[in-house]
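So the structure is just underneath, and the comments pick up after that.
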Amino acid sequence: MSLFKFKEFTIAQDKCAQKIGTDGVLLGAWATPYKEPQSILDIGSGTGVISLMLAQRYHHANIEAIEIDQDAYEQAAENFEDSPWGDRLFCFHAEFQEFYEEIEERYDLIISNPPFYDSSSIKTDSQIENRRQQARFDDALPFEELVYGVYQLLDIDGTFACIIPKDRETRFLEITSHFQLEPVRTTYIKGKKNSKIKRCLMEFRFRESVKENNTKNIVSELVIEKERHDYTEDYKSLTKDFYLKM
């Protein structure tokens, strides 16, 4: 079995096409909602790593996760059960569109490491590679559908946190603005100091809440490595509570 051991929990990932990557760990460590969350929703949970990181961080939060892929759903559910916080974690096997149409609950924090490749991307003949790419495509959950669902489910003072490619930031901001969501925190991610910005970590709140609290968008930059496997102090500080060797 393929296991990834963190300080306080272990992730099995042998059934998942999408293995644990830097994006998910960054988001799980970085997201800091406006208020202490009692209810969290993880959209597209994969192995469940983000949910488990948040369970470690927020001791009183109940966390629900959604995963459309059968194997990934089963794996996340098993990882939840095997963790110290199994009583606060639950995974749904469902499409997000189906979920938000039926659920009436509002969440303090909604978090997602969404699929982000366009459907025109080239697919391979390998079944496992196709599943891996499908997990990263936005066919099943376009940004418009993702943000609309967040609009339906987020508490008025809640926070929506996500990580997206830099080259899709402008379009994503157009969509979030349409649904009354304003950025309140943005961190641009670089692999190394002189590299191009690769990802955007972003937090949003409803426009009404932002205006009432006179909140500004706090913008920063995070560089992951100085050299290959030589991590920056900022990255180590962000992830030290999770990685075994950080």
Starting at 0 and stepping by 10 Å, how many percent of the alpha carbon pairs of segment 165-209 end up in each bin?
27, 47, 20, 5
Beta bridges by DSSP in the chain, antiparallel share as percent, to the nearest 5
45 percent
Cα extents of segment 175-235 along the three principal axes, largest first (Å)
44, 22, 14
Residue-normalised accessible area of the chain, expressed per residue, 1.4 Å probe, Å²:
50 Å²
Report the Cα centroid-to-centroid distance between segment 175-196 and segment 202-231 in angstrom, as an integer.
7 Å
Highest mean packing first, using Cβ neighbours within 10 angstrom, the peptides 63-69, 7-13, 42-48 sort as 42-48, 63-69, 7-13
In order through segment 149-160: 3J(HN,Hα) via Karplus (6.51 cos²θ - 1.76 cosθ + 1.60), integer Hz, x for Gly, Pro:
x, 4, 4, 6, 10, 7, 4, 4, 9, x, 10, 10
Using a 1.4 Å probe on the protein chains only, how many percent of the accessible area of the chain belongs to carbon and sulfur?
45 percent
Part-to-part distance (alpha-carbon centres) for segment 232-246 and segment 61-106, which is given in Å:
27 Å
May I ask for the net charge around Asp157, where only other residues with Cβ less than 14 Å from the Cβ of Asp157 are counted and Lys, Arg are +1 while Asp, Glu are -1?
-2
tail above 22 Å in the computed P(r) of the chain, as % of all Cα-Cα pairs, reads 53 percent
A correct Karplus calculation of ³J(HN,Hα) over segment 37-44, with 6.51 cos²θ - 1.76 cosθ + 1.60, θ = phi - 60°, whole Hz and x for Gly and Pro, returns x, 9, 9, 10, 10, 10, 8, x
Ratio of Rg to Rh for segment 138-217, alpha carbon only, Kirkwood?
1.00
Rg(Cα) / (2.2 N^0.38 Å) computed for segment 1-112, rounded to two decimals:
0.98
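The values are calculated or read from the model by the stated rules, or taken from the named source; none is laboratory data. Computed from a predicted model, the values in this text were never measured in an experiment. Cβ: placed from backbone, ideal geometry, glycine included. Neighbour counts: every protein chain shown. Note: accessible area is taken over every heavy atom of the protein model, side chains too, but ligands, DNA and RNA are not part of it. Shrake-Rupley method; radii C 1.70, N 1.55, O 1.52, S 1.80 Å.
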